[in-house]
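What follows is one structure encoded as structure tokens, with my remarks underneath.
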Amino acid sequence: MTTDLVTLLTAGDPLADAVVAELDLVGPRAQHALDAGLRHGLANLDARPPEAVAALLRQVESPPPGTNPLLPHRGDVVSLSVPPMWFGLCSVTSALTYVHASPAVARALTRAARPANTATRRLTETGVWARQTIRPGGLLRGGPGYVATVEVRLRHARMRARALRAWDAGVPGLPVGRLDLARTWLGFTLVAFQALSAVGIDTTADEERSLYGYWSHVAHLLGLDERLWSDVTDHAGARRLRDRLDTLSPAPDDSSRELTAAVVEAQARAMAAAPGAVLAEEQLRVLTHGVLRRTFGDSTADRLGIPLPAATDLMPLVGSLNREARYWQTYSPASAGEARIRALSEPEPEPGPGPGHAPGPGPGPSHGRDPIAAVLPGPVVNWRAARDGHRSVPAA
């Protein structure tokens, strides 16, 4: 497996790279064919599409053997069971941090825009993409998650094309290559649920199998090499893949640290400003730092510039409160179903102007919200609104 990964260090995504080149060469005709093909299918196009667009559509419409065709209809039931506040604070933030730990990705992003602007935009885009992806039917052909996932793949190909113009040939690996895209996949499977475990939201063995079964569809749409994910069915398998990836990845650099700090600031600021927020910005910042240190471990956290916890580490208490809430939330099939219904109670998310305005799924259960606010340092904002039942909206 390690040998296979070494060969992927210099691997791009031939299908997506060819589409990006074709879009530049052919122009609007290729773009129209791509858009229509993603939404309606290759067979339903009125005219014959350009060659690269057709090849990409054939690939995404033909899932590999072994993937359960029924899972996209149900959605990612494991992720949907997570209260939205924790999904935004833990899953989205930790996944982005893991992606930004790659110097190749971080440099490409910081070259394009200021870290603060990049973080704000990526929190919004990534949060919307994740929610579109996990919703029932989201990954069916033409569904919002299906279209958005292929767009993520093409966005990476565009970043790779731009980065190659100024790429130092002496640097190991390809800028924004296939292994960097694999980090996105691991970010919303292994890394996200490590972060959720840090706040007391754990998964069972059956839930892990369901999670990776669903995300095998995402892997296919992202164009990941099947050697990376075909035998990953639980967190243990994902950890083995992550460890192999990390041995081939350079340590986080200044660009990684800048983006990490910017993501934490943007997430804390947006969540504190959201209607009905019960935590102040400083509280959210402290909480996020604690989550990230427990997710990545002290050594990686130090390299990412994540501050040490305060003298009184409240993460164990936060985890205890969430574990109790999680127990009752999943006590029976009916209560677990109610949790998923709450997560789906808001309209389909659409991209917004910034994370402070980014829409998200419905509010999570009320239990665990006020006690956590009470134990975190600093003032609590909008306490009366929270007490009266107003709900916070996650930023990303």
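The values are calculated or read from the model by the stated rules, or taken from the named source; none is laboratory data. On a predicted model such as this, the values are computed, not experimentally measured, just so you know. Every residue, glycine among them, receives a Cβ derived from its backbone with ideal geometry; neighbour counts consider all protein chains shown.
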The stretch 12-33: number of residues that are over 14 Å from VAL152 (Cα atoms) and either outside any loop (DSSP other than H, G, I, E, B) or among the acidic types (Asp, Glu) (or both): 14
Residue within the stretch 222-234 that is assigned to a helix (DSSP H, G or I) and closer than 24 Å to THR118 by Cβ present: yes
Candidates THR118, THR149 - the one that is at pLDDT 95 or above and either of a type outside the set (Val, Ile, Thr) or touching a helix residue (DSSP H, G or I) at 6+ places or on another chain (Cβ under 6 Å) (or both): THR149
Out of PRO69, PRO65, PRO49, sole residue that is modelled with pLDDT of 95 or more and not in a helix (DSSP H, G or I): PRO49
Given (1) at pLDDT 95 or above; (2) surrounded by fewer than 21 Cβ atoms within 10 Å (Cβ to Cβ), index of the condition ALA280 fails: (1)
Of all residues in the stretch 194-204 being modelled with pLDDT under 95 and under 13 Å from ALA236 (Cα atoms), the one that is surrounded by the fewest Cβ atoms within 10 Å (Cβ to Cβ): THR204
Failed item in (1) surrounded by fewer than 24 Cβ atoms within 10 Å (Cβ to Cβ); (2) modelled with pLDDT of 95 or more; (3) among the hydrophobic types (A, V, I, L, M, F, W, C), with LEU245 passing the rest: (2)
Boolean, ALA161 is surrounded by 21 or more Cβ atoms within 10 Å (Cβ to Cβ), at pLDDT 80 or above and part of a helix (DSSP H, G or I): no
Within the stretch 108-136, tally of residues that are among the small types (Gly, Ala, Ser) and outside any helix (DSSP H, G or I): 1
Qualifying residue in the stretch 74-96 (condition: surrounded by fewer than 23 Cβ atoms within 10 Å (Cβ to Cβ) and more than 21 Å from the chain's Cα centre (by Cα)): no
Filtered residues of the stretch 19-57 (kept if free of Cβ contacts under 8 Å to residues at least 40 places away in the same chain, closer than 13 Å to VAL150 by Cβ and touching a Gly at 6+ places or on another chain (Cβ under 9 Å)): VAL53, LEU57
Any hit, the stretch 10-33, residues being closer than 30 Å to VAL291 by Cα and among the acidic types (Asp, Glu): no
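Residues checked against (1) at pLDDT 95 or above; (2) buried (at least 17 other Cβ atoms within 10 Å of the Cβ); (3) over 18 Å from CYS90 (Cα atoms); (4) among the basic types (Lys, Arg):
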position: ARG227; (1), (2), (3), (4): no, no, yes, yes
position: VAL232; (1), (2), (3), (4): yes, yes, yes, no
position: SER249; (1), (2), (3), (4): no, yes, yes, no
position: ALA262; (1), (2), (3), (4): yes, yes, no, no
position: ARG285; (1), (2), (3), (4): no, yes, no, yes
position: ARG294; (1), (2), (3), (4): no, yes, no, yes
position: PRO307; (1), (2), (3), (4): no, no, no, no
Neighbours by Cβ (under 9 Å, 6+ apart or cross-chain): first from the stretch 104-127, in contact (Cβ under 8 Å) with a residue 12 or more places away in the chain and more than 23 Å from MET271 (Cα to Cα); second buried (at least 24 other Cβ atoms within 10 Å of the Cβ) and of a type in the set (D, E, K, R): ALA108/ARG160
Matching residues, the stretch 90-107, being modelled with pLDDT under 90 and in a helix (DSSP H, G or I): PRO103, ALA104, VAL105, ALA106, ARG107
